[in-house]
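The values are calculated or read from the model by the stated rules, or taken from the named source; none is laboratory data. Predicted model only: the values in this text are computed from it and were never measured. Cβ atoms come from the backbone with ideal geometry, glycine included; neighbour counts cover every protein chain shown. Note: areas computed on protein heavy atoms with side chains; ligands, DNA, RNA excluded. Shrake-Rupley method; radii C 1.70, N 1.55, O 1.52, S 1.80 Å.
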Amino acid sequence: MAVSDRVKTGPEKAPHRSLWKALGLTDEELSRPLIGVVSAASECVPGHNHLRQLAQAVKDGVRLAGGVPVELPAIGVCDGIAMGHIGMKYSLASRELIADSCEAMAIAHGFDGMVFIPNCDKIVPGMLMAARRLNLPAMILSGGPMMPGKRPGDDRDLDLNSVFEAVGAYKAGKLDEQGLNDVESSACPGCGSCSGMFTANSMNCLTEVIGMALPGNGTIAAVDAARVRLAKKTGMRVVELVAEGLTPEKIMTRDAFRNALCLDMALGCSTNTVLHLPAIAHEAGIDFDLEWVNEVSAKVPNLCHLAPAGAHHVIDLHLAGGVMAVLHELAGRDLLAEDALTVSGKTLGEEIACARNYNPDVIRPFDRPYSKTGGLMILRGNLAPDGAVVKRSAVAPEMLTHEGPARVFNSEESAIEAIYAGAIKPGDVVVIRYEGPKGGPGMREMLSPTSAICGMGLDKEVALITDGRFSGATRGAAIGHVSPEAASGGMIGLIEEGDTIAIDIPAGKLELRVDEATLQKRRAAYVCPPPNVTGGYLARYAKLVSSANKGAVVE
């Protein structure tokens, strides 16, 4: 019995059929599989502005294969536009809304299979969470990366991070107003997810290795006709998945998540993957242990330095062979579970066997990596007993170990003000707290302060730690997801101005150098500030959200 039979088959379903017919469906269409096509198209997210064309291509593919596509919407926040103000509190929280709304629509309307069309930061994991929760035959078809920008008279590629850093340079007197305008007008040339290995592209690439998207999903440019062809193939293939009964339960396994971490380390993905992979695994009933990150990082070398870690962008990765070419460098070394299933019907190993590395400068060979260890690292110590995360592939060598005085701020805004005012000095450790999942609420990204530090030329001299999180565009000694967070009684809430903080990224250590007797006195006197938000969705979210080390899922 097909899932859709509950909304279209039998005499008692005549009222249901009447409503389907009100939408223009024929009796012939109602005899075929119904495929939900969830499109996050909108005019407020550059990465989603073109998704209507892709949704149409998916629907064309579904019809070619004998299915009936039914399009429905999903929300999506543009993290760049939400950055640096109250809007960013809604970004991570929107992930749960996306997953929940996809669940509601799919079950309420009895779809046999699903195609999810996301592109940007929280929409990809939100839809992956929904896919696993629903466990219907499903595929992801992302919108693809933006092309890098070019400034007239400058050969360097630009991206959104270039603009944030240009603001810092402007504040430091290193760039005039016309120069700032030139950068902002050139960095983002059109539709697509921001062009570096930031969060959106990280998750779109990981979707391939998790097995929920066809090869090319993470790297084919948004403006490339190959993206439209991939959409049609996705639509055709999902109808076959329904016939085969191949569901996410058989694809999104423990091995798939370990494979995703291997790719993550090789690519140097965003620190936000350490939030999203545990959240997706949670939907599968898999306990994603943060220690996996360090275990895999110790074995898998960093093979790519894509922006913000280097000058290459995702389009360069695609032309070098894409995700499967990166995995080809890892294959046959007992690192990957190559027998893992994918939505293509092939195993991951079979997909990798078809790949080739066309550019060893973009994808370095296994024996000539940027570093012998992976791009991410989990740090622990008295300041983060439940863990903190750093993108070490984007940290300057001289900042891998650092010890300095704490400069303490209870909000992102106050930290940005101090940075732009020149109050942060070489050697300082900027601490931004009460920005975690509960305390924020919503765990805002700290791209503005980290970019300000970089733009003012301090990224090789100043570290930043926070119980908030970072954009995938962040570079420098930026340590986030400090757990427990300040609002949950974490040690970060006890730091005082001038305390010594010691960072040792190679050793995985993050320590507050204050004696225990002093800390006991501070604990006894500590009073948590009142909540930042007391009404609406965010207030409900703050009451239910878990810690960052658990993926900030709503329990």
Query raised in the report: Does the range 52-149 come out rounded, prolate or oblate, given a ≥ b ≥ c as the square roots of the eigenvalues of its C-alpha gyration tensor, rounded meaning a/c under 1.5 and, failing that, prolate meaning a/b above b/c?
Result: oblate
Query - Gain on full stretching of the segment that runs from residue 371 to residue 413 - 0.36 nm per residue minus C-alpha separation - result: 11.6 nm
Query - Helix 254-267 axis, angle to the chain major axis (alpha carbon atoms, nearest 10°) - result: 50
Report task. Just name one of 293, 167, 105: the one whose Cα is farthest towards the positive end of the charge dipole of the chain (beta-carbon charges, Lys/Arg +1, Asp/Glu -1). Result -> 105
Query raised in the report: What is the helix-to-structure angle for 273-283, meaning the angle in degrees between its Cα long axis and the longest Cα principal axis of the chain, kept from 0 to 90 and rounded to the nearest 10?
Result: 40
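Taking 60 Å as R0, compute the FRET efficiency from the Cβ-Cβ separation of residue 361 and residue 14 and round it to 0.05.
That gives a FRET efficiency of 0.40.
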Report summary line: Residue-normalised value, i.e. accessible area per residue, for the chain at 1.4 Å probe, in Å², stands at 36
Report summary line: A 1.4 Å probe over the protein heavy atoms gives the chain a carbon and sulfur accessible-area percentage of 52
Report task. Towards the positive end of the charge dipole of the chain, with charges on Cβ (+1 Lys, Arg; -1 Asp, Glu), say which of 141, 45, 482 has the farthest Cα. Result -> 141
**Report entry** Dipole of the chain [Lys/Arg +1, Asp/Glu -1 at C-beta], most positive-end residue of 189, 470, 447
**Finding:** 189
Query - Dipole magnitude of the chain about its Cα centre (Cβ charges: Lys, Arg +1; Asp, Glu -1), debye to nearest 20 - result: 780
Query raised in the report: Against the longest principal axis of the chain, how steep is helix 160-171, in degrees 0 to 90 to the nearest 10, with axes from Cα atoms?
Result: 30
Query raised in the report: Setting aside same-chain residues fewer than 8 positions from residue 8, which lysines have a Cα under 29 Å from its Cα?
Result: 21, 59, 232, 233, 250
Query raised in the report: Could you work out the helix-only [θ] at 222 nm for the chain, with each DSSP H run of four or more residues adding -39,500 (n - 2.57) and the total divided by the number of residues, to the nearest 500 deg cm²/dmol?
Result: -11500 deg cm²/dmol
**Report entry** Cβ charges +1 (Lys, Arg) and -1 (Asp, Glu), total dipole of the range 59-107, debye
**Finding:** 80
Requested in this report: Any chance you could look up the accessible area of residue 470 with a 1.4 Å probe, heavy atoms only, rounded to 10 Å²?
Outcome: 0
Report summary line: Check: C-alpha center the range 299-350 vs C-alpha center the range 1-80, spacing in Å is 32
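Please compute the length gained on full extension between residue 497 and residue 396, using 0.36 nm multiplied by the number of residues separating them and subtracting their Cα-Cα distance.
33.8 nm
Would you mind working out the magnitude of the charge dipole of the range 213-271 relative to its Cα centre, with +1 at each Lys and Arg C-beta and -1 at each Asp and Glu C-beta, to the nearest 20 Debye?
The calculated dipole for the range 213-271 is roughly 160 debye.
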Query raised in the report: Plugging the Kirkwood radius over Cα pairs into Stokes-Einstein for the chain, at a temperature of 20 °C and a viscosity of 1.002 mPa s, what D comes out in µm²/s?
Result: 90
Report task. Work through the residues other than residue 130 whose Cβ is under 15 Å from its Cβ and net out their charges, Lys, Arg +1 and Asp, Glu -1. Result -> -1
Query raised in the report: Rounded, prolate or oblate: which fits the range 209-309 when a ≥ b ≥ c are the square roots of the eigenvalues of the alpha-carbon gyration tensor, with rounded for a/c under 1.5 and prolate only if a/b beats b/c?
Result: oblate
Query raised in the report: Which whole-angstrom value gives the distance between the alpha carbon centres of the range 122-170 and the range 481-499?
Result: 31
Report summary line: Where a ≥ b ≥ c are root eigenvalues of the Cα gyration tensor, a/c under 1.5 meaning rounded, otherwise prolate if a/b exceeds b/c and oblate otherwise, the range 454-555 counts as oblate
